[in-house]
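Presented below is the structure to which this report refers.
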Amino acid sequence: GGAEGPGGARRVCPFTQQQHELVVSGGSNSPNVSGVKRKATEHAPRGRGGAAEERPRRKTRSAGGAAATPKTGVQALPDDVLEVVFGHLCGGASPKDYFSGMLTCKRFHDAGMSKHALSRAAEKVLAVRAENYTAGARLFAEAAVGAGSVFATFFVGSVKFYCTAGGGDERIKGAALLAKAAVNGSPEAHHTLAIMHFNGSGGRRKDKDPEAGASLCVRGNILFGSVPAKRELGHCLQDGFGVEQDAPLGRRLLAEAAREDKQTPAVDAAVCAATAAAAAVEERLRKRNDINTLNAAVAAAAEVSAAAKGAAEAHLTATPVDRFLLDWYGSAGHALAPGTHECSHPLCGRVETRRHEFRRCSCCGRVRYCSRSCQSMDWRLQHKFACLPLLELYGWIESDAESADTNNALMAAIDAVVVGGGDVASSSGDGDVASASGGGASSSGGAEAAGDVAAAAAAGDVVAAAEGVAAAAGAVAVAGGGAAAGGG
């Protein structure tokens with residue numbers, strides 16, 4: 001209810017009807033009277049003039065009797081604000097800085113391990129070296145995977161897939177995490193899965209699927225702008241691997257990938273440095289004038305390649321995942337599975353999951369690559385200085401004296417076969433039969449030369465085996481000529 005106040009204004013009563021009746025009637029017999037009176041007093045305290053006024057709140061005291069000090073600075077921030085702050089740190093801070101902040105106090109630790117913060121874990125905070133990948137670092141990375149970090153999913157998936165020597169469930173979990181990262185939009189995961197399909201990684205040789213690998217490269221290039229995927233797709237189009245061959249389109253994609261790649265200036269500088277280092281070592285080796293055998297030439301080429309590799313690595317930077325894999329099988333001391341090898345590219349850390357998984361160089365067969373892009377880049381950086389068929393360009397195949405001896409021996413073998421056939425011809429008096437006989441002698445000489453090749457190859461003498469191949473080819477050519485004359 002209410003009553004008319006001074007000036008005709010209506011004054012609203014702060015009590016309900018029941019409370020007003022109890023207060024007015026003074027109903028002390030009711031058990032709730034005192035409670036109602038107390039509530040009415042709390043709701044509408046009155047001053048001297050009858051108007052309602054607010055009572056001042058009393059200061060609370062701690063258990064020790066001292067007044068509680070108000071929170072200031074970072075301690076006054078709510079927990080959700082701290083989680084946002086640590087989320088930004090998790091996206092750009094180094095592991096050392098991030099964990100130092102988490103160890104400040106318990107609130108910071110809880111905010112740093114919150115789901116919101118870990119969901120933004122990026123490359124920098126997970127750039128841990130293989131020798132420092134302890135149980136705590138592994139649990140932190142897996143917690144980031146559980147929070148939904150895309151890069152953490154790719155990182156943990158790559159580690160589980162390539163760093164598991166025996167395979168098994170861990171490798172299967174790694175492949176599943178890589179697929180999950182690709183679905184969630186990781187450009188790096190698309191390229192890695194494409195290479196796995198190209199090589200049939202984690203399975204058998206017949207599990208290779210070039211078409212699926214090319215499709216992943218197309219998806220990574222179009223949807224997510226992955227430069228490695230575009231480069232790999234360009235090589236596939238040039239070679240017709242997994243897609244219909246289109247060399248002009250492949251060259252155009254390779255040119256676009258070179259323009260979009262942020263490391264292109266560093267790669268060009270690395271190629272120039274590698275070429276200069278290789279030229280300096282080559283000049284020094286030429287002054288020695290003692291590289292006159294095949295083994296010495298191979299050793300010299302390896303020295304030139306090592307100099308080029310060292311100069312190139314000074315200008316290039318590996319990705320966090322590749323650096324982790326390189327350290328895992330390098331400085332960390334973990335051994336590869338028997339019969340498997342690493343990719344020969346100096347900044348690629350992928351390893352074979354079975355024997356003979358990676359493709360080898362078609363010229364020398366001494367290096368292996370996980371992809372065509374790695375092979376193309378490594379050729380520019382170092383392998384062109386050490387590929388065996390190109391040793392002749394350096395003049396390191398063999399000395400002039402050895403070349404003369406080889407040619408003389410080869411001509412003597414051919415002359416012996418031809419002269420033997422002529423003697424048979426003169427004794428028989430029949431030109432046609434003599435030619436046929438000469439052809440038979442030549443073919444037998446070819447068989448003997450083939451036997452010499454097998455014996456030399458078994459003994460490990462590469463030069464003798466090469467000479468035997470040439471002798472066998474000459475003998476077969478003579479045999480073919482004699483057989484043709486006999487047929488005539």
Among the residues of region 106-121, are any touching a Phe, Trp or Tyr at 6+ places or on another chain (Cβ under 9 Å) and within 30 Å of Glu352 (Cβ to Cβ)? yes
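Quick check on my filter: what residues within region 329-340 are open to solvent by less than 40 Å² (accessible area, probe 1.4 Å) and touching a residue at least 40 places away in the same chain (Cβ under 8 Å)? Reasoning before the result, please.
From region 329-340, those open to solvent by less than 40 Å² (accessible area, probe 1.4 Å) are 329, 332, 337, 339-340; that's our starting set.
Residues satisfying the conditions are Ala332, Ala337.
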For residues that are open to solvent by less than 30 Å² (accessible area, probe 1.4 Å), of a type outside the set (D, E, K, R) and out of contact with any Phe, Trp or Tyr (no Cβ under 9 Å at 6 or more places or on another chain), tally how many sit in region 341-360. 2
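With a cut-off of at least 1 residues that are open to solvent by less than 20 Å² (accessible area, probe 1.4 Å), out of contact with any Ser or Thr (no Cβ under 8 Å at 6 or more places or on another chain) and under 20 Å from Cys163 (Cα atoms), name the helices (runs of 4 or more DSSP H) lying wholly within region 80-151.
Because the criterion is at least 1 residues that are open to solvent by less than 20 Å² (accessible area, probe 1.4 Å), out of contact with any Ser or Thr (no Cβ under 8 Å at 6 or more places or on another chain) and under 20 Å from Cys163 (Cα atoms), the helices (runs of 4 or more DSSP H) in region 80-151 that meet it are 135-147.
State yes or no: is Val183 within 29 Å of Lys230 (Cα to Cα), of a type outside the set (Asp, Glu), loosely packed, with under 14 Cβ neighbours inside 10 Å and without any contact (Cβ under 8 Å) to a residue 24 or more places away in the chain?
Values: within 29 Å of Lys230 (Cα to Cα): yes; of a type outside the set (Asp, Glu): yes; loosely packed, with under 14 Cβ neighbours inside 10 Å: yes; without any contact (Cβ under 8 Å) to a residue 24 or more places away in the chain: yes.
So Val183 fits the description; yes.
In this structure, does Phe155 turn out to be in contact with a Leu (Cβ under 6 Å, 6 or more places away or on another chain), under 27 Å from Asp261 (Cβ atoms), among the aromatic types (Phe, Trp, Tyr) and in contact (Cβ under 8 Å) with a residue 24 or more places away in the chain?
yes
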Is there a residue in region 159-168 that is in contact (Cβ under 8 Å) with a residue 24 or more places away in the chain, at negative phi, in a helix (DSSP H, G or I) and among the aliphatic types (A, V, I, L, M)? yes
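The values are calculated or read from the model by the stated rules, or taken from the named source; none is laboratory data. Remember, it's a predicted structure, so these values are computed and weren't measured experimentally. Here the Cβ is made from the backbone with ideal geometry for all residues, glycine too, and neighbour counts use every protein chain on show. In case anyone asks, the SASA skips ligands and DNA or RNA and just uses the protein heavy atoms, side chains included. Shrake-Rupley method; radii C 1.70, N 1.55, O 1.52, S 1.80 Å.
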